[in-house]
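Participant: Below is a structure I'd like to ask you about.
The values are calculated or read from the model by the stated rules, or taken from the named source; none is laboratory data. Every value quoted in this text rests on a predicted model; they were computed, and no experiment measured them. Cβ atoms come from the backbone with ideal geometry, glycine included; neighbour counts cover every protein chain shown.
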């Protein structure tokens, strides 16, 4: 028996996918017949779409019944995590920008790339071609090194490559160079970038997470002539990463987003007074 299609039934593929997924708004599994009734889609079209969604892991089929798949669970968890991370980080990112006068990034790792969740930088931001939601090769950036330094081996496909893509003449170009750089990141808990993603600019980044792991990273970036690529920038960046993690975890110690009271670092010669004890000089070649 032919299924009557309502005049309002969408014809665009994405609209139909959304309609099918919305049919699962509630507990339990659904049969093909139930999905057809709830969506108004032709039976043959609904069946083809359901089977394709099963192949993509958006849905799961048990016999003749369908239910939401693990891919949706993964994406949902990621969205919740990223939103919670962003909300926890935002006041600290603004404070780090105020203290340093430089562009501040919050990023996560996605395969060989970093994805930027936030960028704060005032007038200087336009000089750095990054954007919220944008991607960049992880091995070329300080935030990427901070993340790759604590990534699992199966998350490091680029490390095994004989030749890595370069953004500037200073970019890391071999897996051996990257492994050496990541060892320094693990040893010091901080990552530096010297004109490796953009000529004339440098960055300092720190991982966000428990000791020995990184769920995200925070960085400050600015003109290389103004960047103090040692503990003078590493200290406030690390304190920002620590404050974000404590804030997202909601632990007993709540860090207020205030790093120091002195004037910004940008171009200045005065050494800031970080709230943590001074760290040893972390500058390395």
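Participant: I'm trying to understand the selection: among the residues of the range 18-39, which are assigned to a loop (DSSP other than H, G, I, E, B) and surrounded by fewer than 17 Cβ atoms within 10 Å (Cβ to Cβ)?
Facilitator: Within the range 18-39, 25, 26, 27, 28, 29 meet the criteria.
Participant: Being surrounded by 22 or more Cβ atoms within 10 Å (Cβ to Cβ) and out of contact with any helix residue (DSSP H, G or I) (no Cβ under 7 Å at 6 or more places or on another chain), is that true of even one residue in the range 200-210?
Facilitator: For the range 200-210, residues surrounded by 22 or more Cβ atoms within 10 Å (Cβ to Cβ) and out of contact with any helix residue (DSSP H, G or I) (no Cβ under 7 Å at 6 or more places or on another chain): present.
Participant: Restricting the search to the range 144-167, which residues are touching a helix residue (DSSP H, G or I) at 6+ places or on another chain (Cβ under 8 Å) and either at pLDDT 80 or above or under 18 Å from residue 105 (Cα atoms) (or both)?
Facilitator: 144, 145, 146, 147, 148, 149, 150, 167
Participant: Here is a further query. Go through (1) surrounded by 13 or more Cβ atoms within 10 Å (Cβ to Cβ); (2) at pLDDT 90 or above and name the single condition residue 9 misses.
Facilitator: The number of the failed condition is (2).
Participant: Another question about this same structure. Test each condition in (1) at positive phi; (2) surrounded by 16 or more Cβ atoms within 10 Å (Cβ to Cβ) for residue 96 and report the one that comes out false.
Facilitator: Against the list (1) at positive phi; (2) surrounded by 16 or more Cβ atoms within 10 Å (Cβ to Cβ), residue 96 comes up short only on (1).
Participant: Residue 116 fails exactly one of the following numbered conditions: (1) touching a helix residue (DSSP H, G or I) at 6+ places or on another chain (Cβ under 7 Å); (2) assigned to a strand (DSSP E or B). What is the number of that condition?
Facilitator: Unmet condition: (1).
Participant: For residue 88, are the conditions met, namely being out of contact with any strand residue (DSSP E or B) (no Cβ under 7 Å at 6 or more places or on another chain), closer than 17 Å to residue 214 by Cβ and without any contact (Cβ under 8 Å) to a residue 60 or more places away in the chain?
Facilitator: No: the conditions fail for residue 88.
Participant: Separate question: Six or more apart or on different chains, Cβ under 6 Å: which pairs go from a residue in the range 229-241 that's farther than 19 Å from residue 210 by Cβ to one that's in a helix (DSSP H, G or I)? Could you list them?
Facilitator: The qualifying pairs are 236/99.
Participant: Among the listed residues 152, 113, 65, which satisfies the condition of being loosely packed, with under 15 Cβ neighbours inside 10 Å and in contact with a strand residue (DSSP E or B) (Cβ under 7 Å, 6 or more places away or on another chain)?
Facilitator: When all the criteria are applied, what remains is 65.
Participant: Would you please list the contacts, defined by Cβ atoms under 7 Å and residues six or more apart or on different chains, that run from a residue in the range 6-18 that is within 17 Å of residue 59 (Cβ to Cβ) to a residue that is modelled with pLDDT of 90 or more?
Facilitator: Pairs found: 16/41; 16/49; 17/49.
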